[in-house]
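Notes for the one structure printed next.
The values are calculated or read from the model by the stated rules, or taken from the named source; none is laboratory data. Everything numeric in this text was worked out from a predicted model, so none of it was measured. Every residue, glycine as well, gets a Cβ built from its backbone with ideal geometry; the counts of neighbours run over all protein chains shown. Just the protein is used for accessible areas: all its heavy atoms, side chains included, with ligands, DNA and RNA removed. Shrake-Rupley method; radii C 1.70, N 1.55, O 1.52, S 1.80 Å.
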Amino acid sequence: MNKVHVFNAGPCLLPQVVLDNAKAAIDNFAGTGVSLLCISHRTKEWEAVMDETRALWKELLHIPEDYEVVFLASGASMEFLYVAMNFLEKKAAYLDTGVWASKALKEAKGLGEAVAVASSKDRNYCYIPKGYTIPTDADYFHITTNNTIYGTEIHEDIDSPVPLIADMSSDIMSRPVDVSKYTMIYGGAQKNVGPAGVTFAIIRKDALGKVSRYIPTMLDLRVHIDKESMFNTPPVFSIFVMNETLKWVKSMGGVEAIYELNRKKADTLYAEIDRNPLFVGTADKEDRSLMNVCFVMAPGYEHLQDEFAALAKSRSIIGIKGHRSVGGFRASIYNACTLEDVEALVACMQEFEQAHK
Ligand SMILES: *Cc1c(COP(=O)(O)O)cnc(C)c1O
């Protein structure tokens, strides 16, 4: 069988070594003779995995001392509520950069005053708003650093006069981040750091405990910090695979080295989109995501969309259909996607150009 090139937007491709180690652990976890799926989470073997996973997060992202990392079952969509529950007292400010950002805002509105300080909805979220003012009376300012559906990304760790909270579901571990600029960074694992079923949250500990509302136990981030993400049964399999994924990131030279690779992949693909007369990118150039590359057929070639999709499929290129709200194509080139995968897509685009010029 030809190598399959997977560009799925999420759950993402995972490195083969991660999948192999997960398979082996399903047979026999850490030499216990018991399947990973059947172990007790109250064992020293499992606690070692939890400790190692936390330590890898801290090491790979250079997380400062006064922060803690927790792993939560649920999903990034649930974390929208965690944010508002734990940080919204009087007013929250959000940057509306797409569907995920507006869903996060909706959860805050359910609990208090929450405003969008700027939005890029006017052009179907194909850019990151600039020149907005963050209200200084807000309890926090929420951003979505990578907009998975539209292929836009906030490339800098912005300065905020109020606590900064970021959904980094789809660009975590893809680039270096100055964690000290954020009060909380969170996201689902399944875009870059593991399979579905677990989320991460990096939290500055002294920022918690400032709201007056009753917080249900399972939604209280302090509980999960205190209990080291084991207040209740953790999603053992998902955390194990996340741990393996982080070990792989480290083996690749860490986030800094992965970032270089990611830039090279993105540059290669965007260069072809900009060069090839049959295709055009949808996001503004300065805001282009390094993770999700969105493009459509160029004007005059729209009728060829299905034909290109069919050619890609025949070349074992999987998962490039654009999100229904944008159309066209989206190649998600997360950490585990290789330069060879990207080059296969570029070759397919060039083959298509030759056939239709
Ligand atoms: C996928 C995604 C989400 C939603 O994740 P779930 O775990 O499915 O709830 C939220 N934010 C961003 C940026 C995403 O890409």
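At a Cα cut-off below 19 Å, give the aspartates and glutamates reachable from residue 3, other chains included and same-chain residues fewer than 8 away excluded.
Straight-distance partners of residue 3: 20, 340, 341, 343, 351.
I want to verify a result. In a Gaussian network model of the chain, Cα cutoff 10 Å, which of these has the top mean-square fluctuation: 101, 201, 55?
Evaluated over the chain, the most mobile residue of the options is 55.
Counting only heavy atoms of protein chains, what accessible area per residue, in Å², does the range 253-355 have with a probe of 1.4 Å?
Here the residues of the range 253-355 average 43 Å² of exposed surface.
With a 1.4 Å probe and all protein chains kept in place, how much accessible area does residue 17 have, in Å² rounded to the nearest 10?
Roughly 70 Å² of residue 17 is accessible to a 1.4 Å probe.
Under 19 Å from the Cα of residue 227, which lysines turn up, not counting those fewer than eight places away in the same chain?
Result set, ordered by chain and number: 44, 58, 205.
Counting pairs of alpha carbon atoms under 8 Å apart in space and at least six apart in sequence, what relative contact order in percent does the chain give?
The value is 23 percent.
Say the cut-off is 24 Å between C-alpha atoms; which of 121/313; 265/313; 91/121 go over it?
121/313
Under the Karplus relation 6.51 cos²θ - 1.76 cosθ + 1.60, θ = phi - 60°, what is the ordered set of whole-Hz ³J(HN,Hα) values for the range 62-72, x standing for Gly and Pro?
6, 6, x, 3, 7, 10, 10, 10, 10, 10, 10
Figure the gain on full extension for residue 325 and residue 59 (residue separation times 0.36 nm, minus the Cα-Cα span) and round it to one decimal in nm.
Here the answer is 92.0 nm.
Starting from the Cα of residue 24, step 7 Å along the direction of its Cβ; do the same at residue 251; then give the gap between the two resulting points in nm.
Rounded to a tenth, the inter-label distance reads 0.9 nm.
Helix-derived [θ] at 222 nm for the chain: sum -39500 (n - 2.57) over DSSP H runs of at least 4, divide by residue count, nearest 500?
Theoretical 222 nm ellipticity from helices: -11000 deg cm²/dmol.
Of the residues 32, 145, 97, which exhibits the maximal mean-square fluctuation in a Gaussian network model of the chain defined by a 10 Å Cα contact cut-off?
Per the Cα network of the chain with a 10 Å cutoff, 32 tops the list.
Counting pairs of alpha carbon atoms under 8 Å apart in space and at least six apart in sequence, what relative contact order in percent does the range 253-355 give?
So the answer I get is 31 percent.
Gaussian network model of the chain, Cα springs within a sub-10 Å range: biggest mean-square fluctuation belongs to which of 325, 102, 169?
Of 325, 102, 169, the most mobile in the Gaussian network model is 325.
Could you tell me whether the range 302-341 comes out rounded, prolate or oblate from its Cα gyration tensor? Rule is a ≥ b ≥ c as square roots of the eigenvalues, rounded for a/c under 1.5, then prolate if a/b exceeds b/c, otherwise oblate.
oblate
Using a 1.4 angstrom probe, figure out how much accessible area the range 16-251 has per residue, in square angstrom, rounded to the nearest whole.
Here the residues of the range 16-251 average 40 Å² of exposed surface.
List the lysines whose Cα sits under 17 Å from the Cα of residue 90, skipping any in the same chain fewer than 8 residues away.
Qualifying lysines at Cα under 17 Å: 106, 109, 210.
If the chain between residue 357 and residue 35 were fully stretched, how many nm would it gain, using 0.36 nm times the residue separation less the Cα-Cα distance?
That pair, residue 357 and residue 35, stretches by 110.4 nm at full extension.
Contact order normalised by length for the range 144-195, with contacts defined as Cα pairs under 8 Å and 6 or more residues apart; what percent is it?
35 percent
Enumerate by residue number the chymotrypsin sites (Phe, Trp or Tyr not before Pro) in the range 156-217 meeting two conditions: DSSP loop (anything except H, G, I, E, B), and at most 14 other Cβ atoms within 10 Å of the site's Cβ.
For chymotrypsin sites (Phe, Trp or Tyr not before Pro) across the range 156-217 that sit outside H, G, I, E and B with at most 14 neighbouring Cβ atoms in 10 Å, the list reads 214.
Quick one: work out the % antiparallel among DSSP beta bridges in the chain, nearest 5.
55 percent
Give the value in nm², to one decimal: projected area of the alpha carbon convex hull of the chain, averaged over all directions.
The number I arrive at for the chain is 18.3 nm².
If a/c stays under 1.5 just call it rounded; otherwise compare a/b with b/c (prolate if a/b is bigger, oblate if not). Do that for the range 253-355, with a ≥ b ≥ c from the square roots of the Cα gyration tensor eigenvalues.
It is prolate, given that a/c is not under 1.5 and a/b is the larger ratio.
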